[in-house]
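The values are calculated or read from the model by the stated rules, or taken from the named source; none is laboratory data. Predicted, not measured: the structure shown is a model, and the values here were computed from it. Neighbour counts run over all protein chains shown; Cβ positions are idealised from the backbone, glycine included.
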Amino acid sequence: MALKLDSKIPAGELAQKWSNHKAAIKVVSPANKRKLDIIVIGTGLGGASAAASLGELGYNVKIFCIQDSPRRAHSIAAQGGINAAKNYQNDNDSVYRLFYDTIKGGDYRAREANVYRLAEVSNLIIDQCVAQGVPFAREYGGLLANRSFGGAQVSRTFYARGQTGQQLLLGAYAALNKEIAAGSVKSYPRHEMLDVVVENGEARGIIARNLVTGEIERHGAHAVVIASGGYGNVFFLSTNAMASNGSAAFQCYRKGAGFANPCFTQIHPTCIPVHGTQQSKLTLMSESLRNDGRIWVPKKKEDVEKLRKGTLKPSDIKEEDRDYYLERRYPAFGNLVPRDVASRAAKERCDAGFGVNETGLAVFLDFKTAIERLGKEVIKQRYGNLFDMYEEITDTNPYEQPMQIFPAVHYTMGGIWVDYNLMTTIPGLYAIGEANFSDHGANRLGASALMQGLADGYFVLPYTIGDYLSHKIQAPKVATDTPAFDEAEKAVKEKIAKLFAIKGKQSVDDIHKRLGHIMWENVGMARTKESLERAITEIQALRKEFWADVKLVGTADSFNVELEKALRLADFLELGELMARDALMREESCGGHFRSEHQTEEGEAKRDDENFVYAAVWEYKGMDNEPELTKEPLNFEFVHPAQRNYKD
Amino acid sequence: MNFTLKIWRQKDAKSHGAFETYKVSDISPDTSFLEMMDILNNNLIHEGKEPVAFDHDCREGICGMCSLHINGHAHGPEQAVTTCQIYMRKFRDGQTIVIEPWRSAAFPVIKDLVVDRGAYDKILQAGGFVSVRTNSVPDGNAIPIPKKDADESMDAAACVGCGACAATCKNGSAMLFVAARVSSLAKLPQGRVEGARRAKAMVAKMDELGFGNCTNTGACQAECPKSISIAHIARLNREFLSAKFED
């Protein structure tokens, strides 16, 4: 049975859709809100802002996170900034332009209505955060400062030094704390959702594990909101935090929620290159560096050789012997092309043999020109903490020698399918932020993840969830002693027992690293039919190996990080295959999804708008069965999909 | 590089802990401290032993999760970095490294090197926020804020809540943590409205949770991975005193 996908996009003019929709949906009275329970999974920008706003409205909220405090969710690591269409710089920005840039940046694989709404509420986010005491960067006149980001020709990015995600999250966390103090939200740190409970086709609660005691708990609610972030760690090495995982989203998929565009992965162009086999994660260097940094490789192969041998310093290479390849290929946007374009261009140069470190997998990001133009002090003010971090990690001073960078997995545009209300295909189950698929199409623009997380949590979900809950005002408290909860808890316990019973030889990390290698080589920056088919076969084999040979130590009823990791890896081993299947099915190149068979003569991504203007939504059919595909057609009523042009 | 590690092992909050000695070898100088711990743990797992539990997450120095006391210093021998930002090239080949959890009465050990820092959340819940509702706010540029004030607010807001200050303080005081939040909001017009109530409530909660008093030794500032200045403690004291006068 194929999934029934009703996107619920409101009729009418683009700019009126959200207003019309808000006017049409139902609200819940204060007296009734008090009777309704909501569970939120994850305390990043989406989860924290949603829980705080829902608590303010009067709902009873429970919020769960795997970290020791809600403040540590991975949103905190976002560096560069948050977009909004304020037009404070008077550079002709507007809601429409932000919408257009985002839908174009996503290579026309997102819904117009969702993206327009995102742009529309973006301005409210800035106001909200300022009022919470977020110390955004300011000009001498006391007004908010902006900078430019990839994929835009206006300066619409608001920032707090290189720690914008941290400051926005502390704002949302403070709002959450206010509600925890008021008693409307109850916080469950060091708790992990291990299953979503579905009864009569509706979400009714979750099964969670207390990560300190190992206790398996039942929590019932009238609605469940998944705000658990993305699944980039399927690649093992990524810029995601070590514990970031796709498991909460994957349990929803397993219980029948559609999973959309799983192959849309963002490879971020400016990360510190891999240094060896002992590495645990990759460090991002903020995209904001591309405001002043210029990306290049040598023009001459002999210079490349000398660099690798260490007989030549990059600063010794003459201006005319440098290939500023982004400026050469994309004059209009230069170093500020979108991430997918910048990453592929770096790969192209390295594949051609111009990579600048021992591994041949690095390009330069150079501040020489900017330091000459602005002085070292200004550069230090703008990027000081990033430069320090770079030096700490690499032992190289970026004020004197260019940084070395290379693309790394950063963000997943794909995620749980949601309708315009952010509800999944399971009634009462919502997904917000990076966990859903809705706004970024095939490529996300920089400084738009923070925008989406907070848009969903502060300004969209608190309205749309009321439409569903208005039908639940007569419903009693959700009982957790029902067969559905019994079954879900039993399945979780059996899965844990099964893992301990294997007593194999390989550690969880041993297998995760191998999965990451398969993914990076075959489902990474460039994909082919052969590589994807190979990935599917290899992942299936590795999954069997995992279930026959993984070695767990410790016990289930105690603090046990290995168990946590094993449970997450079990899901990654299915998710990786799903990503490969989706990428294999999508016989076109778009955004971050690049099929080598489908490129223009100049090596740009070649979309196929005849056949692939849809979101690919997958339905789970069992661990070793092929999932079923349902297509949600994307109708472009207001913009005309064209080949993305960042040249002129 | 090769190292000898003396690591605090403790089964759970109720058990007694003790140091155990481990060896790690063939560590690249470019390996981070926590990657070295990963290598140790992977070895332990292969030997069928329980790996060392330690908190970590972003490994970019921003989430505040990592919290190791290394050779007598919170976040190790280097200044102004979190544990995850330390690289093994900073140690001598063959060196013995002593690794402990935060030692603070208000942060009980959960297991090995993992402690419960829930007390910091509770302090912030007592008043570390501006009481504004979603959507009930003026335009972001309605109130200009001098750049200097915004910058100072940001200096204080850089706190990652890791707990190094309280773990370092001989009195177990959380003053630097409390001061960072109070000071960050005190420098902004949005935070001024509730300034007096905030300072009193957060200090009272800190006392209630068993943190000690501040005697201005400055140890917290020296060990803070974000170099939060004790000047913020002075501002907290000012806020607190003026709030008391208002009573």
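Restricting the stretch A:50-68 to residues that are more than 9 Å from chain B (Cβ to nearest Cβ) and among the small types (Gly, Ala, Ser) leaves a set whose member that is farthest from A:PHE559 (Cα to Cα) is A:GLY58. Restricting attention to the stretch A:598-635 and to residues that are among the charged types (D, E, K, R) and touching a strand residue (DSSP E or B) at 6+ places or on another chain (Cβ under 9 Å), the residue that is surrounded by the most Cβ atoms within 10 Å (Cβ to Cβ) turns out to be A:ARG607. The set of residues in the stretch B:1-29 being out of contact with any strand residue (DSSP E or B) (no Cβ under 7 Å at 6 or more places or on another chain), under 19 Å from B:PRO101 (Cα atoms) and of a type in the set (Gly, Ala, Ser) consists of B:SER15 alone.
Hey, any hits in the stretch A:504-527 for a residue that's closer than 30 Å to B:ASN43 by Cα, within 14 Å of chain B (Cβ to nearest Cβ), assigned to a loop (DSSP other than H, G, I, E, B) and among the acidic types (Asp, Glu)? The answer is no, given that none of the residues of the stretch A:504-527 is closer than 30 Å to B:ASN43 by Cα, within 14 Å of chain B (Cβ to nearest Cβ), assigned to a loop (DSSP other than H, G, I, E, B) and among the acidic types (Asp, Glu). Residue check: is A:VAL40 part of a loop (DSSP other than H, G, I, E, B) and closer than 26 Å to A:ILE9 by Cα? Criteria not met by A:VAL40. Tally the residues that are facing chain B (nearest Cβ under 9 Å), assigned to a helix (DSSP H, G or I) and β-branched (Val, Ile, Thr), restricting the search to the stretch A:158-215. Residues flagged as facing chain B (nearest Cβ under 9 Å), assigned to a helix (DSSP H, G or I) and β-branched (Val, Ile, Thr) within the stretch A:158-215 amount to 1. Against the criterion of being without any contact (Cβ under 8 Å) to a residue 40 or more places away in the chain, surrounded by fewer than 18 Cβ atoms within 10 Å (Cβ to Cβ) and in a loop (DSSP other than H, G, I, E, B), B:ASN216 qualifies. Of all the criteria given as (1) of a type outside the set (Gly, Ala, Ser); (2) modelled with pLDDT under 95; (3) under 26 Å from A:GLN153 (Cα atoms), the one not satisfied by A:LYS309 is (3). Assess whether B:SER229 counts as being polar (S, T, N, Q) and modelled with pLDDT under 95. Against the criterion (polar (S, T, N, Q) and modelled with pLDDT under 95), B:SER229 does not qualify. Which numbered condition trips up A:LEU552, out of (1) more than 21 Å from the chain's Cα centre (by Cα); (2) among the aliphatic types (A, V, I, L, M); (3) in a helix (DSSP H, G or I)? The number of the failed condition is (3).
Quick one: is A:ASP624 in a loop (DSSP other than H, G, I, E, B), within 23 Å of A:PHE250 (Cα to Cα) and of a type outside the set (A, V, I, L, M, F, W, C)? Criteria met by A:ASP624. Residues that are under 17 Å from A:MET285 (Cβ atoms) number at least 3 in the following helices (runs of 4 or more DSSP H) confined to the stretch A:323-380: A:339-351, A:368-374. The set of residues from the stretch B:17-47 being part of a strand (DSSP E or B) and more than 8 Å from chain A (Cβ to nearest Cβ) comprises B:ALA18, B:PHE19, B:GLU20, B:THR21, B:TYR22, B:LYS23, B:VAL24.
Can you confirm whether B:GLU50 is within 11 Å of chain A (Cβ to nearest Cβ), of a type outside the set (A, V, I, L, M) and part of a loop (DSSP other than H, G, I, E, B)? Yes: the conditions hold for B:GLU50.
Residues that are crowded, with 24+ Cβ neighbours inside 10 Å, in contact (Cβ under 8 Å) with a residue 60 or more places away in the chain and either among the β-branched types (Val, Ile, Thr) or at the interface with another protein chain (Cβ under 7 Å from one of its Cβ atoms) (or both) within the stretch A:123-137 comprise A:ILE125, A:GLN128, listed in sequence order.
Every test in (1) surrounded by 24 or more Cβ atoms within 10 Å (Cβ to Cβ); (2) more than 7 Å from chain B (Cβ to nearest Cβ); (3) in contact with a strand residue (DSSP E or B) (Cβ under 7 Å, 6 or more places away or on another chain) is passed by A:GLY150 save one, and that test is (3). Annotation: of all residues in the stretch A:528-550 being crowded, with 19+ Cβ neighbours inside 10 Å and either aromatic (Phe, Trp, Tyr) or touching a strand residue (DSSP E or B) at 6+ places or on another chain (Cβ under 8 Å) (or both), the one that is nearest to the other protein chains (Cβ to nearest Cβ) is A:VAL550. Residues of the stretch A:271-295 that are farther than 14 Å from A:SER238 by Cβ, outside any loop (DSSP other than H, G, I, E, B) and either among the acidic types (Asp, Glu) or within 14 Å of chain B (Cβ to nearest Cβ) (or both): A:GLU287 alone. Being in contact with a Phe, Trp or Tyr (Cβ under 6 Å, 6 or more places away or on another chain), surrounded by 24 or more Cβ atoms within 10 Å (Cβ to Cβ) and in a helix (DSSP H, G or I) is a property that B:ALA179 lacks.
Of everything in the stretch B:117-156 that is more than 7 Å from chain A (Cβ to nearest Cβ) and charged (D, E, K, R), the residue that is surrounded by the fewest Cβ atoms within 10 Å (Cβ to Cβ) is B:LYS148. Among the residues making up the stretch A:137-177, those that are polar (S, T, N, Q) and either modelled with pLDDT of 95 or more or under 20 Å from the mean Cα position of the chain (by Cα) (or both) are A:ASN146, A:SER155, A:THR157, A:GLN163, A:THR164, A:GLN166, A:GLN167, A:ASN177.
Of all the residues in the stretch B:86-106, those that are on the phi < 0 side of the Ramachandran plot, assigned to a loop (DSSP other than H, G, I, E, B) and more than 10 Å from chain A (Cβ to nearest Cβ) number 10.
If we scan the stretch B:221-229, do we find a residue that is hydroxyl-bearing (Ser, Thr, Tyr), under 24 Å from B:CYS63 (Cα atoms) and surrounded by fewer than 16 Cβ atoms within 10 Å (Cβ to Cβ)? For the stretch B:221-229, residues hydroxyl-bearing (Ser, Thr, Tyr), under 24 Å from B:CYS63 (Cα atoms) and surrounded by fewer than 16 Cβ atoms within 10 Å (Cβ to Cβ): present.
Inside the stretch A:216-247, residues that are surrounded by 24 or more Cβ atoms within 10 Å (Cβ to Cβ), β-branched (Val, Ile, Thr) and not in a loop (DSSP other than H, G, I, E, B) make up a count of 4.
When the residues of the stretch B:157-174 are filtered to those that are at positive phi and more than 7 Å from chain A (Cβ to nearest Cβ), the one that is surrounded by the most Cβ atoms within 10 Å (Cβ to Cβ) is B:GLY163. Does the stretch A:89-105 contain any residue that is surrounded by fewer than 22 Cβ atoms within 10 Å (Cβ to Cβ), part of a loop (DSSP other than H, G, I, E, B) and within 14 Å of another protein chain (Cβ to nearest Cβ)? Yes, the stretch A:89-105 has at least one match. Residue count for the stretch B:192-201, restricted to those that are within 11 Å of chain A (Cβ to nearest Cβ) and either of a type in the set (S, T, N, Q) or within 23 Å of the chain's Cα centre (by Cα) (or both): 2. Within the stretch B:3-16, restricting attention to residues that are within 14 Å of chain A (Cβ to nearest Cβ) and in a loop (DSSP other than H, G, I, E, B), which residue is farthest from B:ALA106 (Cα to Cα)? Per the criteria, the residue is B:LYS11.
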